[in-house]
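Working notes, structure below.
The values are calculated or read from the model by the stated rules, or taken from the named source; none is laboratory data. This structure is a prediction, so every number in the text was calculated from the model and none was measured. Every residue, glycine among them, receives a Cβ derived from its backbone with ideal geometry; neighbour counts consider all protein chains shown. All accessible areas refer to the heavy atoms of the entire protein, side chains included, with ligands and DNA or RNA removed. Shrake-Rupley method; radii C 1.70, N 1.55, O 1.52, S 1.80 Å.
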Amino acid sequence: DIQMTQSPSSLSASVGDRVTITCRASQGISNSLAWYQQKPGKVPKLLIYAASTLQSGVPSRFSGSGSGTDFTLTISSLQPEDVATYYCQKYYGFPLTFGQGTKVEI
Amino acid sequence: EVQLVESGGALVQPGGSLRLSCAASGFIFSNHAMSWVRQAPGKGLEWVSYFASSTTNIIYYADSVKGRFTISRDNTDNSLFLQMNSLRAEDTAVYYCARVKFGSYSFDYWGQGTLVTVSS
């Protein structure tokens with residue numbers, strides 16, 4: 001099975017900072033990758049699919065890039081409401097697999 | 001408005017069974033694949049099972065639940081189910097019903113989740 005590894009596992013940044021989270025697949029997955037945001041006590045929310053396509057309604061400060069095995073989620077200017085845990089998910093075949101999560105704090 | 005409402009979570013003893021339900025509304029249920037995703041307390045997300053749309057009865061399970069869990073759906077009642085047998089302590093989690101987004105196997109809508117606790 002393809003494993004997904006996120007880094008870092010947690011980070012602390014200041015409001016307005018540019019934040020980058022990395023997700024690495026153990027094998028190539030083309031662009032079959034999604035990113036989710038889960039705020040404390042809340043349900044996961046789809047941010048990005050197909051590695052770089054922004055889900056409707058998601059602020060443009062979020063962006064995704066990458067293909068093959070290496071992917072990044074970037075928050076161009078961190079806002080207080082972005083405090084959350086972020087997960088990548090690969091969907092290149094089954095099983096569907098999530099990364100272990102990256103906790104973002106301010 | 002898309003809504004997914006799970007029910008059926010409870011405290012159950014190891015080895016016991018439970019059936020989760022997910023009531024869907026606000027979209028054409030039969031056109032969408034659906035999945036169950038779980039999250040153990042304080043842990044990350046784990047995909048559990050997938051049921052394709054009504055055009056293809058394709059089903060997948062995570063290895064961790066294969067042979068113990070059964071996913072099903074009732075397109076006339078807009079409902080998704082998860083029959084869980086031989087439950088173990090490690091099955092303790094919030095179980096989310098999630099809609100699979102057209103054109104990908106990502107999840108664009110999630111229910112609020114239902115808590116399953118396996119403990120004696």
Can you spot a residue in region A:20-28 that is in a strand (DSSP E or B), open to solvent by less than 50 Å² (accessible area, probe 1.4 Å) and without any contact (Cβ under 8 Å) to a residue 24 or more places away in the chain? no
On the basis of being under 19 Å from B:ASP108 (Cβ atoms) and either of a type outside the set (S, T, N, Q) or more than 14 Å from every other protein chain (Cβ to nearest Cβ) (or both), does A:ALA25 make the cut? no
Which number in (1) closer than 15 Å to B:HIS32 by Cβ; (2) open to solvent by 10 Å² or more (accessible area, probe 1.4 Å); (3) in contact (Cβ under 8 Å) with a residue 60 or more places away in the chain marks the one condition that B:ASN75 misses? (3)
Give B:ARG73, B:ARG38, B:ARG19 a once-over and let me know the one that is of a type in the set (D, E, K, R), in a strand (DSSP E or B) and in contact with an Asp or Glu (Cβ under 7 Å, 6 or more places away or on another chain). B:ARG38
Can you tell me which residue within region B:80-98, out of those that are crowded, with 22+ Cβ neighbours inside 10 Å and within 14 Å of chain A (Cβ to nearest Cβ), is farthest from A:TYR91 (Cα to Cα)? B:ALA93
By residue number, the members of region B:4-42 that are of a type in the set (A, V, I, L, M, F, W, C), without any contact (Cβ under 8 Å) to a residue 60 or more places away in the chain and within 13 Å of chain A (Cβ to nearest Cβ) are B:ALA40
If a residue must be of a type outside the set (Val, Ile, Thr) and exposed (fewer than 14 other Cβ atoms within 10 Å of the Cβ), how many such residues does region B:41-64 contain? 5
Inside region A:1-29, can you point out the residues that are closer than 16 Å to A:THR69 by Cα and more than 16 Å from the chain's Cα centre (by Cα)? A:ASP1, A:ILE2, A:SER26, A:GLN27, A:GLY28
Filter region A:38-84 down to residues that are within 14 Å of another protein chain (Cβ to nearest Cβ), in contact (Cβ under 8 Å) with a residue 12 or more places away in the chain, open to solvent by 50 Å² or more (accessible area, probe 1.4 Å) and among the small types (Gly, Ala, Ser), then give me how many there are. 1
How about region A:85-106: which of its residues are assigned to a strand (DSSP E or B), more than 9 Å from every other protein chain (Cβ to nearest Cβ) and under 18 Å from A:ARG18 (Cα atoms)? A:TYR86, A:THR102, A:LYS103, A:VAL104, A:GLU105
